[in-house]
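I have a structure here, written as structure tokens, and I will follow up with some questions on it.
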Amino acid sequence: MAGLGLALLLLGLVPAGAVWPQPQLVRESPGGGRCRLSPSRFRFGYARSSAVGPGCAVLDQAFRRYQRLLRDAGPRGPEDTRPWEPLCAELLVSVATPHCDGFPDMDSVESYKLSTSEDLSLLSSESVWGALRGLETFSQLIWRDEDGTFYLNKTDIVDFPRFAHRGLLLDTSRHYLPVRAILETLDVMAYNKFNVFHWHIVDDPSFPYESAAFPELSQKGAYNPVTHVYTLNDVKLVIEYARLRGIRVISEFDTPGHTHSWGPGAPGLLTPCYAGSIPSGVHGPVNPILNTTYQFMTELFREISTVFPDFYLHLGGDEVDFTCWRSNPEIQAFMQRMGFGQDYAKLESFYIQRLLDIISSYGKGYVVWQEVFDNGVKVKPDTIIHVWRENAGPYQQEVARVTKAGYRALLSAPWYLNRISYGQDWQTAYQVEPLEFEGSPEQKELVIGGEACMWGEYVDVTNLTPRLWPRAGAIAERLWSNKTVRGLQDAYRRLANFRCTLLRRGIQAQPLFTGYCDPEYSGF
Amino acid sequence: MEPARLFLGLLCASAALAASSLHQRAPPPEPLLLEEEPELGESPSGSLWPLPRSLRILPRQLQLAPARFELVHGPGSTAGPGCALLQDAFRRYYEYIFGYSKWQNQGQRQLPAGTELLQLQVIIGSKDSECDNYPNITSNEAYQLSVTEPVAVLKAEKVWGALRGLETFSQLVYEDDYGSFLINESEITDYPRFAHRGILLDTSRHFLPLKSILTNLDAMAFNKFNVLHWHIVDDHSFPYQSITFPELSGKGSYTYDHIYTPTDVRLVVDYARLRGIRVIPEFDSPGHTQSWGKGQKDLLTPCFNGEHQSGSYGPVNPILNTTYHFMTDLFKEISSVFPDAYIHLGGDEVDFTCWKSNPDVTEFMMQQGFGIDYAKLESYYIQKILDIVSSAHKGYIVWQEVFDKGVKLKPDTIVEVWIGSWYTVELSRVTGAGFTTILAAPWYLDYISYGQDWKKYYSVEPLNFIGSEKQKKLMIGGEACLWGEFVDATNLTPRLWPRASAVGERLWSSENVTNIKDAYNRLVKHRCRMLRRGIAAEPLFVGYCDHEARGL
């Protein structure tokens, strides 16, 4: 890696070719052994044994990407200064299963084996997704000495993720994020081995999703119906770009709360709030007592289920404010008829259950925020409960409750990266242990991973990237690497080094602490 | 000047980790309140930032046609086309006003008579326009702006006022839904409340590429800041390339790429001048000088471990004549490279441990009759430095410790107050002793927290300390400081702007401009305007700009 030699001065000993996140098993050849690597002459290719070959878009494109990263890694060094050292020739990839054109899913196998040596480096994996992870690791193994020569040490790596769901949430409602900002984030996610992009696409402040069935939603609900929207093509681009990097896209259309921006484009959808006996002109959550509401949701989610190929949809369900429902006389009457008394959580459950039925009818699974579970809504056994609340008692207890009830849990509570503070707060995120809660081994199995969340109150394209990276990297390693990889000093060295790698790849990742990278960020 | 800086020897990872305990030294975290969603409305003052002294905006709108509108020297102006500073400014502001829209195809169309603004005439009144000068602490930045059909007139005594007035004029122009450029008839009289309105950038903890610094100077001009306090060197690296002592950066910079050559420095100083901004360099000593030691043998005090040198070094060695020879030559160079009348000499956070350990220093203390009072040794050093700088005909700014320790200072010394607790008491003390002061303590913008912390900076009232009228007059301004522990080119701009804008208005506008809601409405627009002008200023809260940030 370019600049590593100089970085050594700064960071103490960074092992040549440090990798982030740390692979499960790394063995450098005891006898040393390394080869020089020429960025222009080095080749990526398919091994003869591979079940996929040229024409496999996921890997063809990945080869090109990594070839380019290698070439852009810095000015070309004097490759022939050490002609007595062997030259690394190529990396051959062998994939066992012949699937290329599908989408990654929850059960995708991301494990791989990588063995590098002088004449031939070999990367083998079960699936193309594992091959992608291995290519990223390979790219990080390349390092550079002070003369600018690239090297690859003889190394064997066996690697696989600790958790299957390693996500990142972006919020495109509180501030619109241009598509290119999303694509860049997907790039960096791949560098960090994240595999789920949780797209919190709409919310109270704006509705940038351009729906074919209900175009009025974005026409009236987006900040600007032309410039601040995601067209169907945009969405497809994001999904395909993510697929090529082994990343799933899970969309979130949060209801019945967090829906203010839906109102202008869907008359009658939101509950009219009352001041005394007359409507106040303000609207509350989705109106759960009207048939038209469910007809609308049926249509909308039919579209969403088709547009987003992932098996899972995120349905939100968080922070429903009952004030407006309470004020509305028709809702009060409905509550009476249904025998809900004054328990508005029952009304919420009523809504959510009907919504879940709609989603199920499209053959989709769902992720919901923890309130849906807390409020006792009946959910399908394969529902994933997303634990996010920081102030409702220790989140570990919530994880214990969720898994005890037999549901799968996804952890975000300690990973709200939009909450900034002074200093090296990546350490706090890094030190979280997702399985540190009271529960049986079976319960621990039900924790499928976690997500770093970058909510958008104070974040837009001006500050997204430096706020996200390398802080989210801490979570990436927690979710990928072995439980025992926890040493802060070692992590600091590797992460500071990795941040310089990100800068070289053109990513505006902020510094961990004092120091420098060579070269610095220059992509103004 | 900041607690963070107590951590020396940060070059190893373990120390870097230890520095995470900085959390406790930073102001306590704010409670995580759910932000009340501020209601965005229209301010009667539009998008003006900082708010002018007196302002009358009339309902009558005039239109500007990009193809016809001109910025020109008005009749009787003592500055003409020979004033490059204004010529540059005219071009710049034309761009800011019209440059980002697709106006090229309009403008041929005749506008109804009596509705068009054809010119902005800039008239410099004083015999000496100061066009070719550098701005200084007494520069006159006042201006009067009168927008009436068919020409607007901007009057100022000096070019500095004209620059501020051009910025204000550009902020009065807005675009309607049809892409027309409009301005309301207005009368503005404006001048700054405080003379010293600074931004501190730290290029030692992280190197900032030239382009970052220049971009930041642009943003400063948009906010009527007038001082760049360039904390150019420190413990971590010495990026300033000295002509006299090239080894200082040769060995003390991060790499050969991480330096400011004399050409770079000149570029910054000139770029700043054209925007009415002074550049005050800080060469902090005797502490905060680890990086100096690499290129200048025997400058730093060797620390002892018992009877032997430990191999590590402390502050500048104050007992050697060679130290003062070196400083004389170095400051002679600095004095000529940086034209401003002031140099910032630092003087903060001197750690005595190393001096105490060194037998030669101990002996010197005995000789001088200092006993074991190392503050006296520090004073001894600082006084010699002050004499050196005085003899180079420069004034100086020092951090508050120099005053606190009773170092004898020239009467025109400026004391910068930075220690967060009790800063109002310190202001009383410093001004009570008759010294001029500038305030930084409440404006350490590197201390980030969740939420709209600009309100906190905005709510500071610099004269809110106990003291006589005469004392209050000694408070000449303040600085927003962005120390570099966690800041480099990747996050500098969004971290600084628009948070520093809050400080900008506090230092420019009247004392009674304190309405947070009105400020929010204007600042949201001002931030969108900065985006249009290429400054990646971060959002204040939920919302959008018509033109989101370019680039990425």
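Please treat every number below as a calculation from the coordinates, not as lab data. Just so we're clear, the structure is a prediction, and the values are computed from it rather than from any experiment. Please note: Cβ atoms are built from the backbone with ideal geometry, for glycine as well, and neighbour counts cover all protein chains shown.
Can you list which of the GluC sites (Glu not before Pro) found in the stretch B:457-534 are DSSP loop residues with at most 11 other C-beta atoms within 10 Å?
Of the GluC sites (Glu not before Pro), the ones in loops of the stretch B:457-534 whose Cβ has at most 11 other Cβ atoms within 10 Å are B:E511.
So, one more: Please express the shape of the stretch A:20-118 as an equivalent ellipsoid: the semi-axes are the square roots of 5 times the eigenvalues of the C-alpha gyration tensor, given largest first in whole angstrom.
28, 18, 14
Oh, and also: For the stretch B:403-503, state which trypsin sites (Lys or Arg not before Pro) are in a DSSP loop and have at most 16 other beta carbons lying within 10 Å of their beta carbon.
Passing both the DSSP loop test and the Cβ count: B:K405, B:K408.
Let me ask you something else. Rounded, prolate or oblate: pick one for the stretch A:167-302, where a ≥ b ≥ c are the square roots of the eigenvalues of its C-alpha gyration tensor, a/c under 1.5 means rounded, and failing that, prolate if a/b is larger than b/c, else oblate.
prolate
Right, something else. Note down the relative contact order for chain B as a percent, whole number, built from C-alpha pairs under 8 angstrom at least six residues apart.
15 percent
With a/c under 1.5 counting as rounded, go ahead and sort the stretch A:120-173 into rounded, prolate or oblate using the C-alpha gyration tensor (a ≥ b ≥ c being the square roots of the eigenvalues; past the cut-off, prolate if a/b is larger than b/c, else oblate).
It comes out oblate by the Cα gyration axes.
Still on this structure, please answer the following. Over chain A, what relative contact order in percent results from Cα pairs under 8 Å that are six or more residues apart?
Over chain A, the number comes to 16 percent.
Any idea what the relative contact order of the stretch A:163-211 is, in percent, if you count C-alpha pairs under 8 Å spaced at least 6 apart?
Relative contact order comes out at 55 percent.
Still on this model: Sum up the charges of everything whose Cβ sits under 12 Å from the Cβ of A:V372, counting Lys and Arg as +1 and Asp and Glu as -1, but leave A:V372 out.
Summing Lys and Arg as +1 and Asp and Glu as -1 gives -4.
So what's Rg/Rh here for chain B, counting alpha carbon atoms and using the Kirkwood radius for Rh?
Here Rg/Rh amounts to 1.00.
Describe numerically, in nm with one decimal, the distance between label points set 7 Å from Cα along Cα→Cβ at A:S440 and at B:L463.
Once both label points are built, they end up 7.3 nm from each other.
Here's something else I'd like to know. Stick to Cα atoms and the Kirkwood definition of Rh, then tell me Rg/Rh for the stretch A:84-224.
Ratio of gyration radius to Kirkwood radius for the stretch A:84-224: 1.13.
Along its principal axes, what span do the Cα atoms of the stretch B:271-377 show, with the longest given first and each in whole Å?
56, 28, 23
Mind jotting down a quarter of the surface of the convex hull over the alpha carbons of the stretch A:334-402, in square nanometres, one decimal?
The number I arrive at for the stretch A:334-402 is 5.4 nm².
How far apart, in nm, are two points set 7 Å out from the Cα along the Cα-to-Cβ line at A:Q431 and at A:D490?
1.8 nm
Taking the Cα atoms of the stretch B:348-480 alone, what are Rg (to one decimal) and Dmax (as a whole number) in Å?
Here Rg and the maximum Cα pair distance are 17.5, 56 Å.
Can I ask one more? Would you compute, from DSSP H runs of 4+ residues alone, the mean residue ellipticity of chain A at 222 nm, taking -39500 (n - 2.57) per run and dividing by the full residue count, rounded to the nearest 500?
The helix contribution divided over chain A gives -10000 deg cm²/dmol.
Sum -39500 (n - 2.57) across every DSSP H segment of at least 4 residues in chain B, then divide by the residue count to get the 222 nm mean residue ellipticity, nearest 500.
-9500 deg cm²/dmol
Enumerate by residue number the trypsin sites (Lys or Arg not before Pro) in the stretch A:430-493 meeting two conditions: DSSP loop (anything except H, G, I, E, B), and at most 11 other Cβ atoms within 10 Å of the site's Cβ.
Here the sparse-neighbourhood loop sites are A:K483.
Let me ask you something else. Which are the unpartnered cysteines of chain A, meaning those with no other cysteine Cβ under 4.7 Å from their Cβ?
Among the cysteines of chain A, those whose Cβ sits 4.7 Å or more from every other are A:C453.
Sticking with this structure for a sec: Please determine, in degrees from 0 to 90 and to the nearest 10, the orientation of helix A:488-504 with respect to the longest principal axis defined by the Cα atoms of chain A, where the helix direction is its Cα long axis.
Once rounded, one gets 90 degrees.
Pairs B:K405/B:K456; B:K127/B:K473; B:K297/B:K405; B:K384/B:K408; A:K378/A:K404; B:K456/B:K517: which exceed 19 Å Cα-Cα?
The answer is B:K405/B:K456; B:K127/B:K473; B:K297/B:K405.
Another one. In bins 5 Å wide, starting from 0, what share of all Cα pairs of the stretch B:194-350 does each bin hold, as a percent?
Histogramming the stretch B:194-350 at 5 Å steps yields 2, 9, 18, 22, 19, 13, 8, 5, 2, 1, 0, 0 percent.
Sticking with this one: Quick check: from the Cα gyration tensor, does the protein assembly as shown come out rounded (a/c under 1.5), prolate or oblate?
oblate
Which net charge results for the neighbourhood of B:A433, defined as the other residues with beta-carbon distances under 15 angstrom from its beta-carbon, given Lys and Arg at +1 and Asp and Glu at -1?
+2
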